[in-house]
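The values are calculated or read from the model by the stated rules, or taken from the named source; none is laboratory data. Remember, predicted model here, so these are calculated numbers, not experimental data. For neighbour counting, all protein chains shown are included, and Cβ atoms are generated from backbone atoms with ideal geometry for every residue, glycine included. For the accessible areas, the whole protein counts, side chains as well, though only heavy atoms, and no ligand, DNA or RNA atoms are used. Shrake-Rupley method; radii C 1.70, N 1.55, O 1.52, S 1.80 Å.
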Amino acid sequence: DAGVIQSPRHEVTEMGQEVTLRCKPISGHDYLFWYRQTMMRGLELLIYFNNNVPIDDSGMPEDRFSAKMPNASFSTLKIQPSEPRDSAVYFCASTSGWSYNEQFFGPGTRLTVL
Amino acid sequence: KQEVTQIPAALSVPEGENLVLNCSFTDSAIYNLQWFRQDPGKGLTSLLLIQSSQREQTSGRLNASLDKSSGRSTLYIAASQPGDSATYLCAVGTSGSRLTFGEGTQLTVNP
């Protein structure tokens with residue numbers, strides 16, 4: 001298996017622009033997670049899906065952030081409009097089954113908002 | 001709210017030394033605990049997963065222990081090598097498959 005795939009790996013944009021991050025989970029995994037990593041706050045869970053349905057989005061910082069999972073093999077995290085404080089590394093992770101299984105992380109997308 | 005703390009924040013050791021990284025958590029109602037490794041500019045690599053009913057897990061030179069009642073876990077690395085240099089993250093799994101991460105320990109193994 002190719003593992004969790006994220007694109008793009010790097011994104012540089014200007015404040016106010018829309019940003020879309022993409023994730024393909026490991027085939028067969030029914031849980032998908034979006035995390036954000038910053039120096040100040042470490043790794044934070046933003047939202048997670050089970051069987052394509054959003055279960056907990058309490059970590060989404062603001063209405064500017066939205067996430068979708070139209071099918072089992074694809075998810076997007078969108079920021080509109082982007083702000084400099086959104087600059088971070090965004091990770092996608094997936095796992096199968098319930099809470100007992102390990103999560104597998106993608107390589108991350110490094111977002112810089114100027 | 002679950003809080004995870006890792007001590008020390010940074011550690012520098014000579015090659016060959018055995019070392020212990022510490023992780024503590026505030027709420028003992030956990031499903032599992034996972035140790036990750038993160039190399040600079042890279043994603044997270046899962047090292048060991050300990051279920052809440054287990055006391056320890058081993059993989060090669062790594063051994064992780066879990067004491068749920070006291071809210072502690074340790075990661076033991078035997079015979080450290082320069083290739084072990086990375087940031088090690090502890091994450092606690094709670095209800096709903098949520099992982100709460102510690103801040104990490106940055107390890108440097110000097111040749």
*What does the convex hull of the Cα atoms come to per residue for chain A, in Å³?*
94 Å³
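Of the accessible area of the stretch B:1-82, with the probe set at 1.4 angstrom, what percent is carbon plus sulfur? Please list the in-between numbers first.
Working: 1960 of 4190 Å².
Carbon and sulfur: 47 percent of the exposed surface of the stretch B:1-82.
Ignore the peptide's own chain and count Cβ atoms of other chains within 10 Å of each Cβ in B:40-47; give me the average, rounded. Intermediate results must be reported in sequence, preceding the final value.
Working: counts 0, 5, 4, 13, 11, 2, 6, 1.
Mean shielding count: 5.
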*Take the Cα radius of gyration of the protein assembly as shown and divide it by 2.2 N^0.38 Å, with N its residue count; two decimals is plenty.*
1.02
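Structure shown: which of A:24/B:68; A:78/B:42; A:24/B:42; A:78/B:68 lie over 28 Å apart, alpha-carbon to alpha-carbon? The partial results should precede the final answer.
Details: A:24/B:68 34 Å; A:78/B:42 22 Å; A:24/B:42 17 Å; A:78/B:68 38 Å.
Violating the 28 Å Cα-Cα cut-off are A:24/B:68; A:78/B:68.
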*Lys/Arg +1, Asp/Glu -1 at C-beta; the protein assembly as shown dipole; positive extreme among B:57, B:92, A:25*: A:25
*Ordered by packing density, taken as the mean number of other Cβ atoms within 10 Å over each peptide's residues, highest first, how do B:44-51, A:12-19 rank?*
B:44-51, A:12-19
*Going toward the positive end of the dipole of chain B, with +1 on Lys and Arg Cβ and -1 on Asp and Glu Cβ, which of B:28, B:73, B:47 do you reach last?*
B:28
_Only sites in a loop by DSSP and with at most 15 other Cβ atoms within 10 Å count here; which trypsin sites (Lys or Arg not before Pro) in the stretch A:11-72 make the cut?_
A:41, A:64
*Find the sum over both chains of the accessible area lost when B and A are paired, probe 1.4 Å, and report it in Å² to the nearest 100.*
1700 Å²
*What percentages, rounded to whole numbers, describe P(r) for chain B computed over all alpha carbon pairs with 10 Å bin width beginning at zero?*
16, 50, 29, 6, 0
_Below 8 Å, C-alpha to C-alpha, sequence gap of six or more: please give me the relative contact order for chain B in percent._
37 percent
*Do you know which residues of the stretch B:94-111 lose at least 50 square angstrom of accessible area in the protein assembly compared with their chain on its own, with a 1.4 angstrom probe?*
B:96, B:97, B:98, B:99, B:101
*How big is the Cα convex hull of the stretch B:1-45 in projection, averaged over all directions, in nm²?*
4.7 nm²
_On a straight-distance basis, which aspartates and glutamates could pair with residue A:68 in a cross-link, Cα separation under 13 angstrom, same-chain partners fewer than 8 positions away excluded?_
A:56, A:57
*Among A:62, B:15, what's the order by accessible area (1.4 angstrom probe), most exposed first?*
B:15, A:62
*Taking the Cα centre of the protein assembly as shown as the origin and placing charges on Cβ (Lys, Arg +1; Asp, Glu -1), which of A:5, A:82, B:10 is farthest toward the positive end of the dipole?*
A:5
